[in-house]
Amino acid sequence: MQDQLPPSTERYHLNPRVLCRAVEDEAVLLDLDAGQYYGLNSVGYRVWALLVDGHGVASICDTISCEFEVSADAVRPDVDAFIDTLRSRRLLLSGSSAYATR
């Protein structure tokens, strides 16, 4: 059994069945399989964009901390919760599940 990477170094992959459309500094996600739309505010969209660019959680927290002028420690629980929500809805995939089918 493979050891899981610590959350700060784990890399994520976008579900290829999810479309993203930017609307100013926010975004709308569409899960093609579920037919569900999700709205992202400016912070959520920035986290999504960083995930698209391949950033890990620690890097995302540092970036959000700098751009939104909050401490990285304060950002971390919110980023973790957001990523957990994306993963639970299969909008974001991690590790070996990145290419797994439903």
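The values are calculated or read from the model by the stated rules, or taken from the named source; none is laboratory data. Quantities reported herein were computed from a predicted structural model and do not represent experimental measurements. Every residue, glycine among them, receives a Cβ derived from its backbone with ideal geometry; neighbour counts consider all protein chains shown.
Number of residues in the range 75-98 that are modelled with pLDDT under 95 and over 19 Å from Leu29 (Cα atoms): the value is 3. When you look at Ser59, is it in contact with a His (Cβ under 8 Å, 6 or more places away or on another chain) and hydroxyl-bearing (Ser, Thr, Tyr), yes or no? No. Please enumerate the residues belonging to the range 16-35 that are of a type in the set (A, V, I, L, M, F, W, C) and in contact with an Asp or Glu (Cβ under 8 Å, 6 or more places away or on another chain). Residue satisfying the conditions is Val18 alone. Each residue in the range 19-33 was checked for being out of contact with any Phe, Trp or Tyr (no Cβ under 9 Å at 6 or more places or on another chain) and either in contact (Cβ under 8 Å) with a residue 40 or more places away in the chain or surrounded by 19 or more Cβ atoms within 10 Å (Cβ to Cβ) (or both), and 1 of them qualify. Of everything in the range 43-93 that is surrounded by 13 or more Cβ atoms within 10 Å (Cβ to Cβ) and among the hydroxyl-bearing types (Ser, Thr, Tyr), the residue that is farthest from Cys20 (Cα to Cα) is Ser65.
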